[in-house]
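Down below is the structure, laid out as structure tokens.
The values are calculated or read from the model by the stated rules, or taken from the named source; none is laboratory data. Since this is a predicted model, take the numbers as computed values, not measurements. The accessibility values were calculated without ligands, DNA or RNA, using every heavy atom of the protein model including side chains. Shrake-Rupley method; radii C 1.70, N 1.55, O 1.52, S 1.80 Å.
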Amino acid sequence: MLIYLNGAFVQEEDAKVSVFDHGLLYGDGVFEGIRAYNGHVFRLQEHIDRMWDSAKTIDLQIPISKKDMTEVILETLRKNDLKDAYIRPIITRGSVTWGLTRINAVPPPPLS
């Protein structure tokens, strides 16, 4: 299965997240649980809007536009030939040095 990670599609076994990622260490991030049924993503725009609203609430910058995120989700389904799926976009601040403040966060590489 192909996974979209930090701007690239990678094989499932190559999809790695640092143990120092703020999302893993502190639960600092946003996610959505989205379903696709028979090739149609259920309320995709509403999910995308909610993810952006959640990110704004915790002052998390999303390094991709809503339009591009929508296309990435659809492309992930196409590349994996999925018609029925559970989609789980997750956005964190990236790897960190020690400490709770986001000042220490090192963002993931820019998306291409």
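General observations
- Note on residue 31: accessible area approximately 110 square angstrom, rounded to 10, probe 1.4 Å, nucleic acids and ligands left out.
- Using alpha carbons only: equivalent-ellipsoid semi-axes of region 1-76, gyration tensor based, whole Å: 21, 19, 11
- Extension gain (nm, one decimal) between residue 9 and residue 26, 0.36 nm per residue minus Cα-Cα: 3.5 nm
- Region 46-97, accessible surface, carbon-and-sulfur percent (1.4 angstrom probe): 52 percent
- The residues of region 1-90 have, on average, 65 Å² of accessible surface per residue, using a 1.4 Å probe with all protein chains present.
- The largest accessible area among 32, 13, 75 belongs to the first residue in 13, 75, 32, and the rest follow in falling order (1.4 Å probe, all chains).
- Net lengthening on full extension, residue 59/residue 90 (0.36 nm per residue, minus Cα-Cα): 9.6 nm
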